[in-house]
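What follows is one structure encoded as structure tokens, with my remarks underneath.
The values are calculated or read from the model by the stated rules, or taken from the named source; none is laboratory data. Since the structure is predicted, the reported quantities are computational estimates derived from the model, not experimental observations. Ideal geometry is used to build each Cβ from the backbone, glycine not excepted, and the neighbour counts take in all protein chains shown. Accessible surface areas use protein heavy atoms only, side chains included; no ligands, DNA or RNA. Shrake-Rupley method; radii C 1.70, N 1.55, O 1.52, S 1.80 Å.
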Amino acid sequence: MTSETMPAAATSSGRRASPSALLRARAVLSAEWIKLRSLRSMLVTPALAAVFCIGWGSLVCLRYVNTWPTRVAAGKAGFQPLDVNFNVLVIGVLFFGVLGALVVTNEYGNGLIRATLAATPQRGLILAAKTALLTLIALLSSAVLCFALFLAGQGILAGHLPHVTLADPGVLGRVLGAIFYLTTASLIGLFTGVIARSAAVAMSCVFGVFLVLPTLLNSLHGGVWRHTVPYLPSNLGNALWLSHSGWLARPAVAVLGLAAYIVVLGALATYSLRRRDA
């Protein structure tokens, strides 16, 4: 009787001792959240993005108000209040790309990544936790930024120039598109940081993808231009908030394109994290 019951008890004890996947995921999320809270960049970068975007966007709107009487009729007829208001996002997106890169490159810079990987050998789980937390932070930060930018800019234009409200057709969708774009940029920065493992290299890649590359490829002509430039991450993002898309992709295509970038970069980052030593 004793020899038969002991293995069963040991097995039962062993099952109780091994943590479930849910508990393991919760522990990793908790650990990653503690690390993110300790990073000053998690507060400083979104704050700088808000100050820059809202401040610069408001100044641009004020400039239009002050110069409106001197503008030609064609310029007044083609005036798009939301485009003028949100044009600052062309630069503001860089802040979110850098935010994502700093989530992981800080750990490589101070060597903490070795302790992280030793404590949690499931590297894919670590990246999944970082991705989930960054998505939440970037989503909330970009939502606050975009709605504050919209309200500030349109509030300045109201009573002086043509302006829009969230109730106008298509406006809310474009604001939500801008939020999606900024959140996507942060994930591109995160996965680039995992692959590069260097803050300087990752941030250089972010600047290259969102600022330099579109400028360089704009010099191309013909079929090459038509099949490349509209599908760059920056132009896909612009297609979500610009009123005059022109040569840009349709919003549905832009959403799918940005999602494809995330999936591909996420797969590369996962492979890199699993195959390379810290």
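Spatial offset of segment 60-88 relative to segment 191-207 amounts to 37 Å, using the alpha carbon center of each.
Helices in the chain that qualify as membrane-span-like (whole DSSP H runs, Cα extent of at least 30 Å along the helix axis, mean Kyte-Doolittle hydropathy of 0.0 or higher) are 41-67, 89-110, 123-157, 171-196, 251-275. Both radii come from the Cα set of segment 179-278: Rg as radius of gyration, Rh as Kirkwood radius; their ratio Rg/Rh reads 1.01.
First check a/c for segment 122-259, with a ≥ b ≥ c the square roots of the eigenvalues of its C-alpha gyration tensor; if it is under 1.5, answer rounded, and if not, answer prolate when a/b is larger than b/c or oblate otherwise. Please list the in-between numbers first.
Numbers: a/c = 2.10, a/b = 1.26, b/c = 1.67.
It comes out oblate by the Cα gyration axes.
Summary value for the chain: 24 percent relative contact order, contacts being C-alpha pairs under 8 angstrom separated by 6+ residues.
What does the convex hull of the Cα atoms come to per residue for the chain, in Å³?
Values: hull volume 48.2 nm³, N = 278.
Spelled out: Cα convex hull of the chain, divided by residues, is 173 Å³.
Of all the options L190, L48, L248, the one that moves most in a Gaussian network model of the chain with Cα springs shorter than 10 angstrom is L48. Of the options Y261, S219, G57, report the single residue whose Cα projects farthest towards the positive end of the charge dipole of the chain (beta-carbon charges: Lys, Arg +1; Asp, Glu -1). Going by the charge dipole, the pick is Y261. Considering only the Cα atoms of segment 51-190, their convex hull presents on average a projected area of 9.8 nm².
A DSSP coil position with no more than 10 other Cβ atoms inside 10 Å describes none of the trypsin sites (Lys or Arg not before Pro) in segment 157-257.
Computed over protein heavy atoms with a 1.4 Å probe, the carbon and sulfur contribution to the accessible area of the chain reaches 68%.
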